[in-house]
1. Taking every Cα atom in the range 192-296, find the radius of gyration and the maximum pairwise distance Dmax, and write them in Å.
2. Long-range amide H contacts for Asn143: which residues qualify at under 5 Å (H placed 1.01 Å from N, peptide plane, sequence gap of 5 or more or a different chain)?
3. Using only DSSP helix segments of four residues or longer, with each worth -39500 (n - 2.57), what per-residue ellipticity at 222 nm results for the chain after dividing by its residue count and rounding to 500?
4. How big is the Cα convex hull of the chain in projection, averaged over all directions, in nm²?
5. If the elastic network links every pair of Cα atoms under 10 Å, which of Gln128, Gln83, Gln97 fluctuates the most in the Gaussian network model of the chain?
6. Please count, across the chain, the pairs of lysine residues with Cα atoms under 30 Å apart that sit 8 or more places apart or on different chains.
7. By what distance, in whole Å, do the Cα atoms of the range 153-196 stretch along each of the three principal axes, largest value first?
8. Can you work out the Karplus-derived ³J(HN,Hα) for every residue in the range 300-305? Use 6.51 cos²θ - 1.76 cosθ + 1.60 with θ = phi - 60°, whole Hz, and x for glycine or proline.
Amino acid sequence: MSKAVDVDENLDYLPVMPDDRSVPIGCIGAGFIMADCHLVAYRNNGLNPIAIASRRLDQANEVAHRHAIESVFETYQEMLADQRIRVVDIAVPPDHQLSVIRDVVEHDHIRGILAQKPLAGNYAEAKQVVELCRQAGITLCVNQNMRYDHSVRACRSALDRGYLGESVLATIDMRAIPHWMPWQRRQGWVTCRIMSIHHLDTMRFWFGNPARVYASFRTDPRTKFDHVDGIGLYILEYASGLRCMICDDVWAGPAREGAAEDLGIRWRVEGTTGLARGTIGWPHYPKRVPSTIDFTTNETGRWHQPRWDEVWFPDAFVGPMAELLTALETGSEPAMSGEDNLKTMALVDACYVSAREHRAVSPTEIERR
């Protein structure tokens, strides 16, 4: 007979903030993610970005003015020499990350790095990044920011509290049309490393590392440059018997070509003693649409529906930086450390191998290469 579990609808969905929010942050990059997400969230939560550099000086100046950043540098190399900076926030394309981080680790006054996902272009490059930071004694945190979507964290809280029992089946179903970045044209990939990486990492956040993954791709009719991974379908198998399914439909019907749209992201976790379901509000950005969670348990026999006002874009973007600053403050490893993210990068690379070779692939196969 299972032990009774008291149900509290006040789930833990917000990040832990550092005691000291004044740590000086230097920002590399001035594109959408930095200007409209990171810096908005940092200013709203009292963090301290003091410097910025970007490939385009005029863009860096505009973003600095918008967010009251005191110092603008013509190059990020000049910014890194600023002895005030303790943490660097890197928002550059993945194929530039490794070279940028090689420069960052040469500066002894820098103690932490927040790097965008994907961490470099593949598992092998990500492993080099992690090793560079380890050798330099720099704490690396990877911006897997969907872990700080409020419904994703709320679901993790429900799982940790035992509300759902043993996990049986989990699904994420995305019907949305992302805006691909211009630099993706030279990469030859779109969905798996950019969008699906969020959902694959969320499954790891909820349940740990899968034993194997089966992936299937087809190209997206709307994306005109060459790519291998438009629409992505994934099955994750766990040793416990848990199965996870992800559908990342970036076509989502001809909604940009004249048909009515039906867009959204829904997720669901079924357990032996409870069920949770939710929505992700991001596809409606820039409209502020909070993500949601509903959950039920054998104990109560009814739906619990906690709600909040915060949204993933931009509010959740304070979470990864807060995690890094808290880790530096306490001398601990961030949950989204570089070492942890290698597991996500191996899972992503396993998906590409699986889709190409039409077989299930274990992430350990990637790690052994």
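1. Both quantities, over Cα of the range 192-296: 15.5, 47 Å.
2. Residues meeting the criterion, in which the H sits 1.01 Å from N, are Ala115, Gln116, Lys117.
3. Numbers: 11 runs with 111 residues, N = 369.
Theoretical 222 nm ellipticity from helices: -9000 deg cm²/dmol.
4. Its average projected convex-hull area is 19.0 nm².
5. Gln83
6. 6
7. In descending order, the Cα extents are 45, 17, 16 Å.
8. Calculated HN-Hα couplings, in order: 10, x, 9, 7, 9, 9 Hz.
Here, each number is a calculation from the coordinates, and none is a lab measurement. Only a predicted model underlies this, so the values are computations on that prediction, with no experimental measurement involved. Ideal geometry is used to build each Cβ from the backbone, glycine not excepted, and the neighbour counts take in all protein chains shown.
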